[in-house]
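Read-outs throughout are calculated quantities, based only on the coordinates presented, and are distinct from any laboratory measurement. This is a predicted model, so every value here is computed, not measured. Don't worry about glycine lacking a Cβ; one is built from the backbone with ideal geometry, like all the others, and counts go over all protein chains shown.
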Amino acid sequence: MAEMPENMTELGFPAGRLYPDDIIATANKIAKERFDIEDIVRFYYRPYLYLDTRKIESANLDIEQVQIEIAAALTEGPGIALAVARGGLAGPQAMPLRQQIQRNFHPERSGDIYVVQDLYWFNFDKGPVAAMHGSPWRYDTHVPIIFAGAGISGRVVHRLVHPVDVAPTLSALLGMTAPGAARGTILVEALGDDE
């Protein structure tokens with residue numbers, strides 16, 4: 001995870017804190033100025049901003065267009081690397097950051113705009129928060145995977161693997177069928193089959 005923004009600033013990196021209240025206030029201001037809609041934000045649950053679609057429909061505006069315009073304006077704000085409207089996630093994504101956002105998206109539960117904080121910025125509630133997770137940056141997405149137990153030989157493996165590989169690997173170790181929703185591949189090093 002990232003160091004505290006205050007420490008990163010002392011080291012010469014541009015960093016800071018991005019607060020949900022500020023994101024909400026900015027989105028509400030944009031909606032008022034551009035669409036004459038008061039309090040368009042229902043709530044912000046990091047990293048998603050949820051808009052009041054009933055207000056957008058009542059104003060006879062295109063929901064997707066409103067999402068796109070608010071996202072574009074948020075992207076210009078301090079501490080925000082990228083804001084992406086849910087409509088901007090469809091189709092192939094060439095940019096790795098957008099691919100990560102797309103993998104985090106669920107059509108029924110996700111919000112209207114995904115907000116990514118700048119590198120080394122915290123995107124969290126006000127208060128004495130000294131650590132946070134949830135950004136798409138490398139320092140926050142690197143996940144060490146450790147398998148230990150009878151029949152697993154001790155060793156270090158240096159190759160790209162993914163957290164989705166854990167379920168199929170555990171299933172193979174236990175001699176079971178992988179869960180139906182499992183998408184990863186078996187990490188043969190844990191089975192000792194690659195020697």
Ranked by GNM mean-square fluctuation in the chain (Cα springs under 10 Å), the top entry among Val84, Val115, Val157 is Val157
How compact is the chain by the rule of thumb for globular proteins, expressed as Cα Rg over 2.2 N^0.38 Å? 1.27
Assigned charges on the beta-carbon of Lys, Arg, Asp, Glu; region 57-195 dipole about Cα centre (debye): 300
Stretchable slack from Asp140 to Thr9, in nm (0.36 nm times residue separation minus alpha-carbon distance): 45.4 nm
In a GNM of the chain with a 10 Å cut-off on Cα contacts, which of Met95, Met176, Met132 has the highest mean-square fluctuation? Met176
Once Lys and Arg are counted +1 and Asp and Glu -1 for all other residues with Cβ under 14 Å from that of Phe13, the total becomes -3
Among Thr53, Thr169, Thr26, which one shows the highest mean-square fluctuation when the chain is modelled as a Gaussian network with alpha-carbon springs under 10 Å? Thr169
The distance between the Cα centres of region 1-70 and region 116-134, in whole Å, is 15
For Lys55, list the lysines whose Cα falls under 25 Å from its own Cα; do not include residues on the same chain fewer than 8 positions away. Lys29, Lys32
Which FRET efficiency value, to the nearest 0.05, do you get for Asp21 and Leu191 by plugging their Cβ-Cβ distance into 1/(1 + (r/R0)^6) with R0 = 35 Å? 0.10
Give me the one-decimal nm value for the distance between modelled label points at Asn60 and Ala181, 7 Å along each residue's Cα-to-Cβ direction. 4.2
Cα long-axis angle, helix 63-75 against the chain (0 to 90 degrees, to the nearest 10): 80
Between the DSSP loop rule and a limit of at most 14 other Cβ atoms within 10 Å, which GluC sites (Glu not before Pro) in region 31-102 are left? Glu38, Glu76
Taking the Cα centre of region 143-195 as the origin, how large is its charge dipole in debye, to the nearest 20, when only Lys and Arg (+1) and Asp and Glu (-1) carry charge on their Cβ atoms? 160
